[in-house]
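Working notes, structure below.
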Amino acid sequence: MRPLKFQPIVSAALVAVNVLVFLMCHFAGNLIYGAGELDVYHVLVQGEYGRILWSMFLHSGINHLFNNMVILFFLGAMIEKEVGHIGYGVLYFLSGIGGNVLSLLSRAVQGDMTASLGASGAVFGLDGVLLAMVLFSGRRMENVTPARVLLMITYSLYSGFRGQNIDNVAHVGGLLTGFAAAGIMCFWKRWRQQRAAD
């Protein structure tokens, strides 16, 4: 049995919480959705900033939930093994928050009052994290190359832009935030290792 530090504890916990919240939404009707959806009016006018975080745990349907959770668990487990539980949790939530903030700002500029929800901004952030890791960590990851990661990101973005009622700005924002945060983390670790070696 692998040591606890190599188990995808945070990834599994995030999936479990998302599934639990979805079941709660199913039985509570629109009550939870109304309190957590991300929209310009409630966040920027009413000051309900918690929605930037809460909306990451809401999903519009079983397909929406399933697609996000499959990617979250398997990609998240890979990243969590590399950066640890805390580092992974920080990268995940930074990505989701970054994606939601960019989405809000974009909608505010356009005067768009529609609401959005879902973990896909954070999930796209994991794509960005993986790309930064293969480019900047200095470590070789089995079966993971920059070309493969870029292909996966390109396909995911393409699928999103072809779909309807999809918050592509949150996807791009999460992707960029994850890439930037993981890039900083990689350079910080390499700098500390170099200092320790000197």
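The values are calculated or read from the model by the stated rules, or taken from the named source; none is laboratory data. None of the values given here were measured: they were computed from a predicted structure. When we count neighbours, we look across all protein chains shown, and the Cβ atoms used for this are built from the backbone with ideal geometry, even at glycine.
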*Could you list, in sequence order, the residues of the range 58-113 that are over 16 Å from residue 132 (Cα atoms), of a type in the set (Phe, Trp, Tyr) and modelled with pLDDT of 95 or more?*
93
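Condition check ((1) more than 17 Å from residue 169 (Cβ to Cβ); (2) touching a strand residue (DSSP E or B) at 6+ places or on another chain (Cβ under 9 Å); (3) not hydrophobic (A, V, I, L, M, F, W, C)) across all residues:
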| site | (1), (2), (3) |
| --- | --- |
| 90 | yes, no, no |
| 106 | no, no, yes |
| 112 | no, no, yes |
| 128 | no, no, yes |
| 146 | yes, no, yes |
| 151 | yes, no, no |
*State which residue pairs qualify: first residue free of Cβ contacts under 8 Å to residues at least 40 places away in the same chain and farther than 15 Å from residue 127 by Cα and inside the range 173-193, second residue of a type outside the set (Val, Ile, Thr) and in a helix (DSSP H, G or I) in any location, beta carbons under 9 Å apart, and separation of 6 or more residues or different chains.*
184/132
*Could you look through the range 166-198, keep only residues that are polar (S, T, N, Q) and modelled with pLDDT under 90, and pick out the one that is surrounded by the fewest Cβ atoms within 10 Å (Cβ to Cβ)?*
194
*Can you tell me which residue within the range 62-80, out of those that are more than 11 Å from residue 119 (Cβ to Cβ) and in contact with a helix residue (DSSP H, G or I) (Cβ under 7 Å, 6 or more places away or on another chain), is surrounded by the most Cβ atoms within 10 Å (Cβ to Cβ)?*
80
_Checking residue 49 against (1) modelled with pLDDT under 95; (2) surrounded by fewer than 17 Cβ atoms within 10 Å (Cβ to Cβ), the condition it does not meet_ = (1)
*Among (1) touching a residue at least 24 places away in the same chain (Cβ under 8 Å); (2) farther than 21 Å from residue 35 by Cα, which single condition is residue 104 missing?*
(2)
*Within the set of pairs 6 or more residues apart or between chains, which connect a residue that is closer than 20 Å to residue 38 by Cβ inside the range 147-170 to a residue that is modelled with pLDDT of 90 or more and not in a helix (DSSP H, G or I) with Cβ atoms less than 7 Å apart?*
167/116; 170/116
*residue 83 passes all but one of (1) in contact (Cβ under 8 Å) with a residue 60 or more places away in the chain; (2) touching an Asp or Glu at 6+ places or on another chain (Cβ under 8 Å); (3) over 24 Å from residue 52 (Cα atoms); which number fails?*
(2)
*asked:* Take residue 101 and tell me if it is within 18 Å of residue 72 (Cβ to Cβ) and not hydroxyl-bearing (Ser, Thr, Tyr).
replied: no
